[in-house]
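The values are calculated or read from the model by the stated rules, or taken from the named source; none is laboratory data. Quick caveat: nothing in here was measured; it's all calculated off a predicted structure. Quick reminder, even Gly has a Cβ in these numbers, built from the backbone with ideal geometry, and neighbours come from all protein chains shown. Side chains are part of the model used for accessible areas, which takes the heavy atoms of the whole protein and leaves out ligands, DNA and RNA. Shrake-Rupley method; radii C 1.70, N 1.55, O 1.52, S 1.80 Å.
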Amino acid sequence: MAVPTSIYQTSTGQYNEETDLAPSHMAAATGDMPTYQIRAPTTALPQGVVMAASPGSLHSPQQLAEEATRKRELRLMKNREAAKECRRRKKEYVKCLESRVAVLEVQNKKLIEELETLKDICSPKTD
């Protein structure tokens, strides 16, 4: 698996270049989680050349502002979509509740009519 070339600092304070990560064969033999070994780079950097580990560290203030604006626009767009979906679900829920109310009102009316009928049958008639 190839990864972008980057520089990292070792525990001794030296800078090393990493270009490829290869799965260790020990993981397959032991059944553990795969581990990765750092392969030696194919080309060496001249001494004194240091590459930034983070691509964002070389941006100008204008680029940082543009990136922040782009991230904000993306966040606002996602928020609009989420709000739209939330409103759609709420509308569907309200329609479901309204239909349930209609069904229960009809059922309640029928039960009231049945109660009146039973009252008329069971009550003693006085003439």
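Yes/no per residue for (1) of a type in the set (Lys, Arg); (2) at pLDDT below 95; (3) under 28 Å from the mean Cα position of the chain (by Cα); (4) surrounded by fewer than 10 Cβ atoms within 10 Å (Cβ to Cβ):
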site	(1), (2), (3), (4)
ALA28	no, yes, no, no
PRO34	no, yes, yes, no
ARG88	yes, no, yes, no
TYR93	no, no, yes, no
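Among the listed residues LEU97, LEU115, LEU76, identify the single one that is hydrophobic (A, V, I, L, M, F, W, C), part of a helix (DSSP H, G or I) and open to solvent by 80 Å² or more (accessible area, probe 1.4 Å).
On inspection, the qualifying residue turns out to be LEU115.
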